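Data first, discussion second: the structure below is written as structure tokens.
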Amino acid sequence: MKEQADQVYDLVILGGGPAGLTAAVYAGRAARSTLVLTGPLPGGQVATTQMVENFPGFPEGISGMELAQRMQAQAGHFGARMVVEPVTGVDLTHAPFTVQTHCDTYRSRTVIIATGAVPRRLGVPGEARFFGRGVSTCATCDGFFYKGKRVVVVGGGDSALDEGLFLTRFAREVVVVHRRDQLRAARVYQERAFANPKMRFVWDSVVEEILGEQTVSGVRVRNVKTGEAAVIEANGVFVYVGMTPGSRLFAGQVELDEQGYVVTDRRQHTSRPGIFAAGDVQSPDFRQVVVAAASGAMAALEADRFLADEVDR
Amino acid sequence: MALLSQEIAEHVEQELADLAGPVRMVVFTQEVECEFCAETRQLVEEIAQLSDKLTAEVYDFVADKEKAEELGVDKIPAIAIIGQEDYRVRFYGIPSGYEFASLLHAIRTVAAGKPELSEETLKALAEMTVPVHMQVFVTPTCPYCPTSVVLAHQMAIASPLVRADMVEAMEFPQLAIKYQVMGVPRTVINETTYIEGAAPEHTVLEKLQEALKQA
């Protein structure tokens, strides 16, 4: 659908994860004309989570995809328009703000940045070359291709262990390579991982290179304490070394911190009036669905207040 | 036992409530049905009950060889989604898990016969002169995969020269090996060009044009 040239939305929300969709629910209920640009993965990171066990109101747990779809349905119910397109450029320097996708340009009186975070890459030789051919960041997507094989999981947080445990359904052995001598992951994951006979741990080690000819044959690791190098033979490498904020497009237009997170105050205002941020793009501290949803609600309430104060008058 | 729970059936019924035109879901299975063949057939039959614009047709891949050839079906289980015309939209393997969304999307778009693509893409597709075959490899547990499947199917609907298949990698391991699928989604264009991951529309278009240069 081609955009009307004169259409100016009250609110454009960048990102269709829990933060963006919750903001859309609130904005819709406030009768603000709202557009959500969801990007390529509607629902955001939570849609890739097998089971969400800590979102209040779902005592049996709920699949991440279903939770995302329910949030989308709720946002749609209150009138938000949703477009599955990634944002390619923004001009947040003056109102009405403009947001470009590959196909269209949208204008809006306020913007909520809720673009989330994407998995960080290792940045070692071989990683880019073998991406999709032995290197992956999605165990649920690609686990099947490693049936009966050995895989390496890099990282020591919740994602590394959760996805590593998932991989034990297929793989012969899952070798977790972690840079420290203890895990960061929640106790419940640690207990499950240590109890699983297919999981093995290589401590104090970093991956320095992903090896292979046509496909991956292993990784070269270095022990950070002894400096010793070793090769672990494996057919697949799953990388879970944290996240990096999806804020590249906003650099120079709103304030970012050294790590690239959008800086906000307690009420989700960015450094520029009329621009708000919510969810993982503005905070690496919690990375929880319920926290993202809450910050999305705050951003939308503040955007509504901003519109009432600055625009409606 | 029904595959679709009462709750899901109601949801699907709503999704398909305003189909723009009639859609035939043509399923290929065989006399002694493979596990997924039986489930695929049952899934299609159950969905057909949920809209009066939908019909299910079941064929035997061996006995109805001519029909299979007519629709270009070369493996089973297979579903051809056909609207006012055959837009060459195919599913090989059961569209379950995340791919169920791709199936519903295909039904809706085929019913309308209007692809949701940018003008730039539509123009480029209209200028094409060589046939294109897009095979999108998926697993049912891949949340990124429907984006690629839907895009390929849209391109098939847009251009009579494009045919687009979802291929469920777990059910066709020999094809997964042939095309070196170790991660999904992986799109194979005309056997020569590959796309890793859920690429946006303009990237897919670029890859398609790249594949045509190699033809």
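Across the stretch B:148-167, a minimum of one residue is classified as under 24 Å from B:I82 (Cβ atoms), among the hydroxyl-bearing types (S, T, Y), at the interface with chain A (Cβ under 10 Å from one of its Cβ atoms) and crowded, with 24+ Cβ neighbours inside 10 Å. In the stretch B:26-66, of all residues being within 19 Å of the chain's Cα centre (by Cα) and without any contact (Cβ under 8 Å) to a residue 24 or more places away in the chain, the one that is nearest to B:M170 (Cα to Cα) corresponds to B:A38. Listed by first and then second residue, the pairs linking a residue in the stretch A:279-306 that is closer than 15 Å to A:A80 by Cβ and in the same structural domain as A:H269 (by TED's automatic domain parsing) to a residue that is modelled with pLDDT of 95 or more and surrounded by fewer than 21 Cβ atoms within 10 Å (Cβ to Cβ), with Cβ atoms under 7 Å apart and 6 or more places separating them unless they lie on different chains, are A:D304/A:A30. With respect to A:V135, determine if the residue is touching a residue at least 40 places away in the same chain (Cβ under 8 Å), touching a strand residue (DSSP E or B) at 6+ places or on another chain (Cβ under 7 Å) and within 11 Å of chain B (Cβ to nearest Cβ). Yes, satisfied.
Taking the criterion of being more than 11 Å from chain A (Cβ to nearest Cβ) and either among the small types (G, A, S) or out of contact with any helix residue (DSSP H, G or I) (no Cβ under 8 Å at 6 or more places or on another chain) (or both), the residues of the stretch B:180-195 that qualify are B:V188, B:E191. Checked against the criterion of being among the charged types (D, E, K, R) and touching a helix residue (DSSP H, G or I) at 6+ places or on another chain (Cβ under 9 Å), the candidates A:R129, A:R120, A:R109 yield just one match: A:R109. Exactly one residue out of A:A185, A:A139 is touching a Gly at 6+ places or on another chain (Cβ under 6 Å) and hydrophobic (A, V, I, L, M, F, W, C): that is A:A185. Could we say that A:A73 is of a type in the set (A, V, I, L, M) and within 14 Å of another protein chain (Cβ to nearest Cβ) here? Yes; evaluated as a whole, the condition is true for this residue. Within the stretch B:6-36, the set of residues being in a loop (DSSP other than H, G, I, E, B), over 17 Å from B:L54 (Cα atoms) and at pLDDT 90 or above comprises just one member, B:Q30.
Number of residues in the stretch A:184-199 that are at pLDDT 95 or above and either surrounded by fewer than 14 Cβ atoms within 10 Å (Cβ to Cβ) or farther than 14 Å from A:E163 by Cα (or both) equals 4.
Out of A:Q50, A:Q100, one residue alone is within 14 Å of chain B (Cβ to nearest Cβ), part of a loop (DSSP other than H, G, I, E, B) and in contact with a Ser or Thr (Cβ under 7 Å, 6 or more places away or on another chain). It is A:Q50.
Set side by side, the residues B:I76, B:I81 differ, and just one is assigned to a strand (DSSP E or B) and not charged (D, E, K, R), which is B:I81. Taking the stretch A:210-268 as the region of interest, the strands (runs of 3 or more DSSP E) fully inside it that hold 2 or more residues being in contact with a Pro (Cβ under 8 Å, 6 or more places away or on another chain) and over 19 Å from A:G126 (Cβ atoms) are A:243-245.
Can you tell me which residue is nearest to the chain's Cα centre (by Cα) among those in the stretch A:72-95 that are outside any strand (DSSP E or B) and either aliphatic (A, V, I, L, M) or on the phi > 0 side of the Ramachandran plot (or both)? Here the residue is A:V84. Evaluated against (1) farther than 24 Å from A:P42 by Cβ; (2) within 14 Å of another protein chain (Cβ to nearest Cβ); (3) assigned to a loop (DSSP other than H, G, I, E, B), B:K123 falls short on exactly one condition, (3).
In the stretch B:163-215, of all residues being part of a loop (DSSP other than H, G, I, E, B) and charged (D, E, K, R), the one that is farthest from A:F144 (Cα to Cα) corresponds to B:E191.
For (1) assigned to a strand (DSSP E or B); (2) crowded, with 24+ Cβ neighbours inside 10 Å; (3) at pLDDT 95 or above, each residue gets a yes or a no:
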{"residue": "B:T129", "(1), (2), (3)": "no, no, no"}
{"residue": "B:H133", "(1), (2), (3)": "yes, no, yes"}
{"residue": "B:C142", "(1), (2), (3)": "no, yes, no"}
{"residue": "B:P146", "(1), (2), (3)": "no, yes, no"}
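Across the stretch B:106-127, the number of residues qualifying as farther than 22 Å from B:L208 by Cα and either outside the structural domain of B:A38 (by TED's automatic domain parsing) or surrounded by fewer than 22 Cβ atoms within 10 Å (Cβ to Cβ) (or both) comes to 3.
When each of A:E66, A:E85 is tested for being within 13 Å of another protein chain (Cβ to nearest Cβ) and either among the aromatic types (F, W, Y) or in contact with a strand residue (DSSP E or B) (Cβ under 6 Å, 6 or more places away or on another chain) (or both), the lone residue that passes is A:E85.
The values are calculated or read from the model by the stated rules, or taken from the named source; none is laboratory data. As the structure is a computational prediction, the values presented were derived from the model and not from experiment. All Cβ positions, glycine included, derive from the backbone under ideal geometry; neighbour counts span all protein chains shown.
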